[in-house]
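The values are calculated or read from the model by the stated rules, or taken from the named source; none is laboratory data. This one's a predicted model, so the numbers in the text were calculated from it and none came from an experiment. No Cβ is skipped: glycine too gets one built from the backbone with ideal geometry, and neighbour counts run over all protein chains shown. Heads up: the accessible areas ignore ligands, DNA and RNA and are worked out on the full protein's heavy atoms, side chains in. Shrake-Rupley method; radii C 1.70, N 1.55, O 1.52, S 1.80 Å.
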Amino acid sequence: MSDETILGLPARPTALAALAVLVVAPFVLPTFQTYVLSEVLVLALFATGFNLLYGYTGLLSFGHAMFFGGAGYALGIFLRDVAPSLPFGGATPLVAFAIAAVLGVLVATAIAIPVGYLSVRLEEIYFAMLTLSFSMALYTLVNQNYFGVTNGSDGILVLLQTSNLFGFQLSLYDRVTYYFVILLVVAPAMYILWRVSNSPFGLVSEAIRENSERASGLGIDVRRHQWGAFVLSAVFTGIAGVLVAPLHSSLSPGASLHWTISAEPVIMTVFGGPYSFIGPTVGALFYRYIRWGITQFPLLEAHWQLVFGTLILVIVVFAPRGVSGLLKWAVDRVRGNGGESA
Amino acid sequence: MTTVLKTEDLRREFGALCAVDDVSVEIDSEEVTSIIGPNGAGKTTFYNLLSGRLDPTAGEVFLRGRSGELENVTGLPPHDIAQRGLSRAYQINNNFEGLSVLDNVRVARVSTTDRSKELLSRYHTDDELREAAEDVLDLTGLRDVAETEAANLSHGDKRKVEIALSLATDPAVVLLDEPTAGMNPSESEEMVELIKELDETTDTTFVLTEHDIDMVLEISDRILVLHRGELIANGTPDEVMANEDVTTAYLGERQ
Amino acid sequence: MALPIQEVLTGLSLGSRYFLVAIGLSLIFGVLGVLNFAHGALYMIGAYVSLTVAQNVTGSFWVGLVAAGLAVGLLGAIIEMGLIRRVYDRDELDQLILTFALVLVITDLTRTVWGSGNQTMATPELLASNVHFLGTSYPAYRLFVIVVGFAAMGVFWYAIQRTYLGRLVRATSSDRDMAALLGVNVPRLYTGVFFVGSFLAGIGGALAAPMQAFTPALGDQVIINAFVIVVIGGLGSFTGAFVGAMFIGLLQSFGVLIATGVGQLLPFLAMILVLVFRPEGLFGGEGQ
C-alpha cells in the first residue's frame, strides 16, 4: 500500500474535506441521520482497527467481538456500579464516562495480550478458529452470567446522564452532542491508525503478510510483530466498543459478543477492500447505508441477509480489492493515471 | 585468513537418512566459496542449518557477524541469525510479491536499522530510508523498476530482487542458492558479472550453490563438494577438478 | 445412583448428528482445502426438505430422509461447481468469507420459503415408541439415530480404507498436484466430494428434524459446534470427526447435569486447549 493517497486522490486535502463535511453534517441532517452517521464513524473505526490485523498483517481474526463487546461491557458495568458513587459533583457523568472508556480500552488490551500471544503461534485457519473460540467462550461466560455482573442474555443498559460543568449543561445522551464526542475520538484515532499503517511497523506488517518466512530471513521477529499488531488492533477495536455502547444505550451478549458481531468488520472490510487504508471505512459506509436504504423498502428489509450475502459473493469473486479498489480504479481512469486493475 | 562462517561436525538426520554428515568447513571472508554436488547431496539442508531454519542433530555453527566476533549461533531462530549478519537468497523467488521493488528493499533496511517497531514515523517521506534502499537498487541494477510491483517483474528481475533483499541488510555473509536457476545464458552471464562486481565493491562474503560448473569455475576462489551429505573435497577450483573422488561422485550419479 | 445411561445415549445421539455434519466438513477440507462455513446451513436445509417432503408431499419420513440427502447433496454440488470452483486459487481466507456469504444467502432463502417460525416434525411411527433395556427406557428413534451415526462411520471407514474411491480421496487429501498428475479427474472428484459431504449433512439435518423444534437459525448453532469438533478431532481426519463429535455430544449432554451453560462453554474451552497444545487435533496430521 504505497498510499499517501486516498482512493487515488491526494491524502491531506481529501481528509480535511471529509472532516469538514463531518463537522457540519449534524447541523444539516435530521437527528436520525446524525445517529446513523455516528454509527458509521464507530463502525469505520472498528473495521479499520480490525484491518490493521487482516489487510496489513494477513491475520484473519474471527473473534474481534471480544474486544468490541468486552470493552463495552467494562464501560457499562463501571457506569452502572461505580459511577453513582463518584465524588465529582455535577461533572460526574462526564468524568465517569471518560474513566469508564479508558477502563474499557484497558480491558480490551488486557484480553488481547494473552489471547494474541497464544493465537499468533498459529497459521491462517487455526488462528481464525482460536480467536473464534476465545470470543465465543467469553460470550458464553457473559451470557450465562458466570461472573454475576453481566445480567446474562438480557444485558445491561448504558445510559449517560447530563453533566453540569460550570453552569453549562452537557447532555451526553443528546444525539448531536454524542455525535461530536464520537467524532472527537474517532478522528484522531483514525489519524493515528493511518500513521501506524504508513509507518515502518506497518510496512513490516505488510511484508509479513506477503511472505512471513522471507521477513524472518531478513531479521524480523515475526511472532513478536504479529503479537504487537494484534494488541494494537484490539486497542482501537476497544475504543470503538466503548463508543458504541452508550450510542445504542444497551449491551447484550447477542449484540456485542456473538460471533456474528465478529463477522461485521470482516464483511465491511471485504466490501470496502482490505488492501487500502480507506477500504474498511468505505465498507462501513456501504454497510450501514445499504442497511438504512433497505429499511426504506420493506421487501428488501426482510431479505437484507440475502442482499448482503449476494453482494459479498459478487465482491469476493469479481472484485477482490473491494469497492474501494473499484473506486480507485475509476478515479485513476478519470484522472488518466496509470493504474493497476481493479 | 579471517573466518566469517564455520561449522564443526555439523550433522542433520531425518530418521534413518543422514542429509548432512559431520561437515566441518571454514569460510574465508576474502574468498568466494561455491558449494557443489549432485542432486540430493545435502546443499539445501546445509543452508537451512546455517540460516537457522533447521536445527542440527549434532555439531555447531559459528558466525562472525556485525559484532566482529566469531559467535556460536547453533540453534538460534532464523531472524536472530539474520540480525547477526547472515543473509540468504533463495533458489525459488521468495520476494514480497504484492509490494513494489522499492518497498521490498525498504523492508530489509527497516529491519537492519532496527526500526520495525516505529509506529508513527512515515516511511514514504523518509529520505534517508529511500536513499539507502535506492543505493541497493543501483547496486543490483533495479533502479528502473523501483515502483513496479514485484509480482509483475520478469524472472530475471525477480532473481535480482532476491539478491537485492539479501544484500540490503548489509550482511557479513550471503548464501546464494542457485542464483542462475531458470535463467537463459545471457541472463546467467549478467548474474555472474553482478556477483563478481558485488564481491569487489562490498565487504560481504559470497557463498553460493550452483549446478552450472563453468560458472562455478569462473567465479570461485574455493569449492566445497558435497556428496550424500559428506564433504568430499575442499580446495581451489584446480584442486577440486583434479580430485578423483569428485569425478567418481558425479560420474557415479549419472548412471 | 443409576448409571447415566440416559445421558450417554443422549450424548451419542447428539454426537451422531454432529458427526454427519463434521465428517462432511472434514472431508471437504481435507480434499478441497476449503473450510465450508455453509455446512451448518446445509444441515439445516436437510431438516426443512425432510419436513416438506415427509409431511406435505408423501407422508413418509423415510422418503423425506432420502430426499433430504439427495437434495442437499445436489445443492452442494451446484455450489461447488458454480462458486467454490472460482476461488480455489485464492487465499483460504477469501474462501472462508465466500462460504460465510453463502450462509447469509441460504439462511435468508430458507426463511423466505418456510418462514422464521419454529417448525416441528413428528417422529416416524415405526420408531415412535420407547425401548426398554438396562432398567431404563429410551426413545427408539434416538437409538436409531445413534445406529445411523455409527453405521455411517463404519461405511465411511470401509470406503476410505478398502475402495478405490477411498484411496483416491486419501491421495488427493495429501497431495492434490500429484493426484492430478496421476490422471485423477480432480474437478469431478471435488464435485463428488462436495456432493457426498453435503448429502451427509442433509441426512443429519433430516434425522434431527423430529428431535427438536427448529428455525433457520439451526445452521448457525450447528456450524460452530462442527468447527469445534473438526478442530479437536483434526481437520481432515475422519476418525477425528467421529471421536470429536461423540466427545462434544457427550460433553453437552453431561454438561447440563453440572450447571446450565456448561455444555456450551466446555466445547470452546476444549477447542482452545487443543489449538494451544496440539493444533493439528487429536487425530490430525495423518489425513485420515
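Below is a table of values for the structure above.
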quantity	calculated
Contacts under 6 angstrom Cβ, first residue in the range A:10-31 being of a type in the set (Gly, Ala, Ser), partner surrounded by 12 or more Cβ atoms within 10 Å (Cβ to Cβ) and outside any helix (DSSP H, G or I), 6 or more apart	A:11/A:4; A:11/A:5
Complete set of residues in the range A:100-119 that are aliphatic (A, V, I, L, M) and open to solvent by less than 70 Å² (accessible area, probe 1.4 Å)	A:100, A:101, A:103, A:105, A:107, A:108, A:110, A:111, A:112, A:115, A:118
Residue in the range A:197-211 that is open to solvent by 40 Å² or more (accessible area, probe 1.4 Å), within 14 Å of chain C (Cβ to nearest Cβ) and at pLDDT below 95 present	yes
Complete set of residues in the range A:148-178 that are within 17 Å of residue A:72 (Cα to Cα) and either in contact with a strand residue (DSSP E or B) (Cβ under 6 Å, 6 or more places away or on another chain) or open to solvent by less than 50 Å² (accessible area, probe 1.4 Å) (or both)	A:150, A:152, A:155, A:156, A:157, A:158, A:160, A:172, A:178
Scope the range A:315-330; condition surrounded by fewer than 16 Cβ atoms within 10 Å (Cβ to Cβ) and either farther than 18 Å from residue C:83 by Cα or more than 14 Å from chain C (Cβ to nearest Cβ) (or both); matching residues	A:330
Inter-residue pairs, beta-carbon under 6 Å, first within 13 Å of another protein chain (Cβ to nearest Cβ) and in the range A:107-126, second surrounded by fewer than 18 Cβ atoms within 10 Å (Cβ to Cβ) and among the hydrophobic types (A, V, I, L, M, F, W, C), 6+ apart	A:118/C:276
Lone qualifier among C:270, C:259, C:208 - being within 18 Å of the chain's Cα centre (by Cα) and not acidic (Asp, Glu)	C:208
Test: residue A:53 is within 14 Å of chain C (Cβ to nearest Cβ) and either open to solvent by less than 10 Å² (accessible area, probe 1.4 Å) or at pLDDT 95 or above (or both)	yes
Given (1) part of a loop (DSSP other than H, G, I, E, B); (2) open to solvent by 40 Å² or more (accessible area, probe 1.4 Å); (3) not acidic (Asp, Glu), index of the condition residue B:130 fails	(1)
Of all residues in the range A:276-314 being aromatic (Phe, Trp, Tyr), away from every other protein chain (no Cβ under 11 Å) and farther than 30 Å from residue A:196 by Cβ, the one that is surrounded by the most Cβ atoms within 10 Å (Cβ to Cβ)	A:292
Options A:153, A:163; residue that is touching a helix residue (DSSP H, G or I) at 6+ places or on another chain (Cβ under 6 Å), outside any helix (DSSP H, G or I) and over 22 Å from residue A:19 (Cβ atoms)	A:163
Number of positions in the range A:179-196 that are under 17 Å from residue A:232 (Cα atoms), surrounded by 20 or more Cβ atoms within 10 Å (Cβ to Cβ) and in contact with a helix residue (DSSP H, G or I) (Cβ under 7 Å, 6 or more places away or on another chain)	5
Residue within the range C:185-196 that is open to solvent by less than 20 Å² (accessible area, probe 1.4 Å), part of a helix (DSSP H, G or I) and within 15 Å of residue C:14 (Cα to Cα) present	no
Some residue of the range C:106-126 being over 18 Å from residue C:34 (Cα atoms), modelled with pLDDT under 85, part of a helix (DSSP H, G or I) and more than 8 Å from chain A (Cβ to nearest Cβ)	yes
Helices (runs of 4 or more DSSP H) enclosed by the range C:1-92 - at least 1 residues per element that are surrounded by fewer than 19 Cβ atoms within 10 Å (Cβ to Cβ) and in contact (Cβ under 8 Å) with a residue 12 or more places away in the chain	C:5-32, C:61-82
Residues that are among the aliphatic types (A, V, I, L, M) and out of contact with any helix residue (DSSP H, G or I) (no Cβ under 9 Å at 6 or more places or on another chain), drawn from the range B:31-66	B:49, B:58
Only listed residue being under 12 Å from the mean Cα position of the chain (by Cα), under 18 Å from residue C:9 (Cα atoms) and among the small types (Gly, Ala, Ser), chosen from C:149, C:197, C:219, C:202	C:149
First in the range A:149-162 and touching a residue at least 24 places away in the same chain (Cβ under 8 Å) and closer than 16 Å to residue A:100 by Cα, second anywhere and assigned to a loop (DSSP other than H, G, I, E, B) and open to solvent by 80 Å² or more (accessible area, probe 1.4 Å), Cβ under 6 Å, 6 or more apart	A:160/A:173
Residue in the range C:149-161 that is open to solvent by 70 Å² or more (accessible area, probe 1.4 Å), modelled with pLDDT under 80 and in a helix (DSSP H, G or I) present	no
Residue match in the range A:133-140 (condition: farther than 16 Å from residue A:258 by Cβ and either within 11 Å of chain C (Cβ to nearest Cβ) or of a type in the set (Phe, Trp, Tyr) (or both))	no
Filter pass, residue B:71 being surrounded by 15 or more Cβ atoms within 10 Å (Cβ to Cβ), without any contact (Cβ under 8 Å) to a residue 40 or more places away in the chain, assigned to a strand (DSSP E or B) and touching a Leu at 6+ places or on another chain (Cβ under 9 Å)	yes
Which listed residue, of B:100, B:87, is within 10 Å of another protein chain (Cβ to nearest Cβ), closer than 24 Å to residue B:198 by Cα and either in contact with a helix residue (DSSP H, G or I) (Cβ under 6 Å, 6 or more places away or on another chain) or open to solvent by 30 Å² or more (accessible area, probe 1.4 Å) (or both)	B:87
Filtered residues of the range A:82-93 (kept if in contact (Cβ under 8 Å) with a residue 60 or more places away in the chain and open to solvent by less than 50 Å² (accessible area, probe 1.4 Å))	A:90, A:91, A:92, A:93
Qualifying residue in the range B:119-126 (condition: open to solvent by less than 10 Å² (accessible area, probe 1.4 Å), under 27 Å from residue B:67 (Cβ atoms) and at the interface with chain A (Cβ under 7 Å from one of its Cβ atoms))	no
Any chance residue A:269 is under 29 Å from residue A:176 (Cα atoms) and facing another protein chain (nearest Cβ under 10 Å)	yes
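Quick grid of which residues meet (1) crowded, with 17+ Cβ neighbours inside 10 Å; (2) assigned to a loop (DSSP other than H, G, I, E, B); (3) aromatic (Phe, Trp, Tyr):
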site	(1), (2), (3)
B:80	no, no, no
B:94	yes, yes, no
B:114	no, yes, no
B:135	no, no, no
B:164	yes, no, no
